[in-house]
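Colleague: I am attaching a structure below and will ask some questions about it afterwards.
None of the figures in this text is laboratory data; all of them are computed from the coordinates on show. Fair warning: this is a prediction, and the values are worked out from it, not measured in the lab. With ideal geometry, Cβ positions are generated from the backbone for all residues, glycine too; neighbour counts draw on all protein chains shown.
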Amino acid sequence: MKYPATRLRRLRRTPALRRLFRETRLAPEMLVQPLFVKEGLDRPVEIASMPGQRQHSLRSVVEAAAKAREAGVGGAILFGVPARKDPRGDGAADPAGVVPAALRALKAAVPDLVLIADVCLCEYTTHGHCGIVVGEGPHAEIANDETLPQLARAAVAYAEAGADLVAPSDMMDGRVGAIRAALDAAGRKETPILSYAAKYASAFYGPFRDAAESPPSFGDRKSHQMDPANADEALREVAQDLEEGADAVMVKPAGPNLDVIRRVKDRFQVPVAAYQVSGEYAAVKAAAARGWLDERTAALELLTAIARAGADVVLTYWATEAAGWL
Ligand SMILES: [Zn+2]
């Protein structure tokens, strides 16, 4: 295994050799396109901080999903922006809400695209927090156990509207178990749960909050989302969600946590999804717009790194475009 008998450059000499011996291959069907659907829109609205992404109307979300499917994308994850919010986020579980309406339309129009419904309260609460808030001012707190039934109701509403998977992103303790029990009780034993198991309190979520209109009106999300400094804790989060019945687990954001993706994959050998988030996308878009980076090469390198780290499924705003490139 020594030079000159070994020359690692031999297998890199031509494009054909490199193609044949490539270790990690991205495939369109492993990509998931996030889609935002806003109640009451009659045409899509561009999201300024996420060039190329839109808040969709019920009609344009179907067009976007059909385009994704045509490009070979495996799934779409849906986020709703409701017309009205309330302190408890009751709208999240409204069967007539914007996400169930979109799910019904999508299921009819694009039946073989896997539909994932994000489950959280932050788009539906007036305060923008992911759970029910108790107490006031400095004593305000996101109440874990009071939030669970609300999340479970939302998950059931989405499953009944046609979601192929539900994906709780709130990071309350015990929500996977609560959702599993509620789905089973509602006769939805076959609906899988993709849990956002290791979700970090990240600076890279900024643009998403414009898209989902969900910034917290006070405080932050550090009491429930994880500290980016922690990785052992991520394994505990994953273990707990699996024990409660998660069928697949997610690491978010993907790029800053490649080591966590790898450790989760090695330790648990379960399906692992990773979410390349809005800030990761926006950063490359902004640099590319100035001519500082080549968008396509940079995006594919980042996506390949996420797959190489061990992700089986990658949620990315480039999904439809990248499927075309591949
Ligand atoms: Zn949330």
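Colleague: Consider Leu31 carefully, then state whether it is closer than 22 Å to Leu194 by Cβ and either in contact with a helix residue (DSSP H, G or I) (Cβ under 9 Å, 6 or more places away or on another chain) or β-branched (Val, Ile, Thr) (or both).
Modeller: yes
Colleague: So, one more: Name the pairs whose Cβ atoms lie under 8 Å apart, with the first residue in the stretch 72-83 and within 23 Å of Leu26 (Cα to Cα), the second of a type in the set (Asp, Glu), and 6 or more positions between them or separate chains?
Modeller: Gly72/Glu29; Val73/Glu29; Gly74/Glu29; Gly75/Asp164; Ile77/Asp118; Leu78/Asp118
Colleague: Quick one: count up the residues across the stretch 98-125 that are within 14 Å of the ligand (Cβ to nearest atom) and in contact with a strand residue (DSSP E or B) (Cβ under 8 Å, 6 or more places away or on another chain).
Modeller: Residues in the stretch 98-125 being within 14 Å of the ligand (Cβ to nearest atom) and in contact with a strand residue (DSSP E or B) (Cβ under 8 Å, 6 or more places away or on another chain): 9 in total.
Colleague: Tell me, please, whether a residue that is within 15 Å of the ligand (Cβ to nearest atom) and more than 19 Å from the chain's Cα centre (by Cα) can be found in the stretch 148-161.
Modeller: yes
Colleague: Looking for whichever is at negative phi and touching an Asp or Glu at 6+ places or on another chain (Cβ under 8 Å) here; the options are Ala305, Ala282, Ala273. Which one fits?
Modeller: Testing whether each residue is at negative phi and touching an Asp or Glu at 6+ places or on another chain (Cβ under 8 Å) leaves just Ala273.
Colleague: So, of the residues in the stretch 208-220 that are surrounded by 15 or more Cβ atoms within 10 Å (Cβ to Cβ) and more than 14 Å from the chain's Cα centre (by Cα), which turns out to be nearest to the ligand (Cβ to nearest atom)?
Modeller: In this case the residue turns out to be Ser214.
Colleague: Within the stretch 153-171, identify whether any single residue is in contact with a His (Cβ under 8 Å, 6 or more places away or on another chain), over 14 Å from Asp90 (Cβ atoms) and in contact (Cβ under 8 Å) with a residue 24 or more places away in the chain, and answer yes or no.
Modeller: yes
Colleague: Scan the stretch 216-232 for residues that are in contact with a strand residue (DSSP E or B) (Cβ under 7 Å, 6 or more places away or on another chain), within 20 Å of Ile306 (Cα to Cα) and not hydrophobic (A, V, I, L, M, F, W, C) and report the count.
Modeller: 1
Colleague: Which condition does Val32 not pass, out of (1) farther than 17 Å from Glu321 by Cα; (2) not in a loop (DSSP other than H, G, I, E, B), if it passes all the others?
Modeller: All conditions pass for Val32, except number (1).
Colleague: Specify the residue that is nearest to Lys189 (Cα to Cα); the eligible residues are those in the stretch 221-240 that are within 16 Å of the ligand (Cβ to nearest atom) and touching a residue at least 24 places away in the same chain (Cβ under 8 Å).
Modeller: Per the stated criteria, the residue is Glu237.
Colleague: Continuing with the same structure: Go through the stretch 126-143 and report how many residues are in contact (Cβ under 8 Å) with a residue 40 or more places away in the chain and not in a strand (DSSP E or B).
Modeller: Residues meeting the conditions: 7.
Colleague: Inspect the stretch 129-140 for any residue being within 15 Å of the ligand (Cβ to nearest atom) and closer than 24 Å to Thr316 by Cα and give the result as yes or no.
Modeller: So far as the stretch 129-140 goes, yes, one or more of its residues are within 15 Å of the ligand (Cβ to nearest atom) and closer than 24 Å to Thr316 by Cα.
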